[in-house]
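Everything below concerns the one structure shown next.
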Amino acid sequence: MKHVLVITGAAGSGKTTVSNYLSEHFQIPRVVTHTTRRPRRGEVDGRDYYFETRQSMGQLHLLERVEYDHHLYGSSYEGLQKAWQDHDMATIVLDTKGAQTYHERLGEQAVVIFLTVTKQHALVKRLAKRGDLKTAVKQRIASAEYHRDLTLPDELTATAQVITNDEWEHTQQQLDELVQTLQ
């Protein structure tokens with residue numbers, strides 16, 4: 001059975017780091033998602049995201065779509081199939097609402113990994129460290145979406161893999177064990 005590892009949690013919890021680790025360590029491809037936000041420094045269209053306009057976003061065949069911090073984000077069925085072409089697993093980074101949608105639509109094929117940290121101020125430090133503007137960090141942590149993504153939705157508590165991402169070595173060990181159980 002093919003699986004998509006749905007990596008979710010609050011901004012700054014380490015979703016992209018986990019996705020990159022799974023790609024580098026296990027060669028698990030990442031589903032490239034779509035967004036209407038501007039690229040951050042160093043991001044490349046087609047690798048990090050497909051950077052869209054609101055009009056082009058509306059023409060896509062999307063599995064899920066959300067608005068976060070005044071920008072649209074979504075993933076397409078075609079992107080998922082493309083990731084599965086060369087591997088039985090793929091990763092995708094989504095907010096908790098998107099993770100719920102994947103769980104609802106794909107059932108057991110969607111393995112939700114919920115990342116959290118024990119101290120919330122660590123999330124703010126991580127956002128600032130990755131280069132986000134101070135005003136953008138303040139807006140992000142004040143948003144309803146950020147606060148929603150701090151906790152695992154009730155609908156996912158019975159099935160999600162919860163990883164407290166305080167110490168990277170421990171996180172890696174948990175990820176290694178999870179991938180081994182799915183192979």
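The values are calculated or read from the model by the stated rules, or taken from the named source; none is laboratory data. Please read all numbers here as calculations on a predicted model, not as lab measurements. With ideal geometry, Cβ positions are generated from the backbone for all residues, glycine too; neighbour counts draw on all protein chains shown.
The figures follow:
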read-out	value
Test result for L127, out of contact with any Leu (no Cβ under 6 Å at 6 or more places or on another chain), surrounded by fewer than 19 Cβ atoms within 10 Å (Cβ to Cβ), at pLDDT below 95 and more than 20 Å from G74 (Cβ to Cβ)	no
Single unsatisfied condition, K82 versus (1) closer than 19 Å to M1 by Cα; (2) surrounded by fewer than 18 Cβ atoms within 10 Å (Cβ to Cβ); (3) under 12 Å from the mean Cα position of the chain (by Cα)	(3)
Evaluation of S13 against (1) modelled with pLDDT under 90; (2) polar (S, T, N, Q); (3) surrounded by fewer than 21 Cβ atoms within 10 Å (Cβ to Cβ) (one fails), failing number	(3)
Test: A83 is hydrophobic (A, V, I, L, M, F, W, C), touching a Pro at 6+ places or on another chain (Cβ under 8 Å), modelled with pLDDT of 90 or more and within 22 Å of D45 (Cβ to Cβ)	yes
Pairs where the first residue, in the stretch 83-106, is aromatic (F, W, Y) and the second is outside any loop (DSSP other than H, G, I, E, B) and surrounded by 24 or more Cβ atoms within 10 Å (Cβ to Cβ), C-beta under 6 Å, 6+ apart	W84/A90; Y102/V6
Residue match in the stretch 18-28 (condition: among the small types (G, A, S), surrounded by 13 or more Cβ atoms within 10 Å (Cβ to Cβ) and modelled with pLDDT under 90)	no
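Yes/no matrix, rows are residues, columns are (1) in a helix (DSSP H, G or I); (2) in contact (Cβ under 8 Å) with a residue 40 or more places away in the chain; (3) over 22 Å from D149 (Cβ atoms):
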site	(1), (2), (3)
M1	no, yes, yes
I7	no, yes, no
Y21	yes, yes, no
R38	no, no, no
G42	no, no, yes
R47	no, no, yes
Q59	no, no, yes
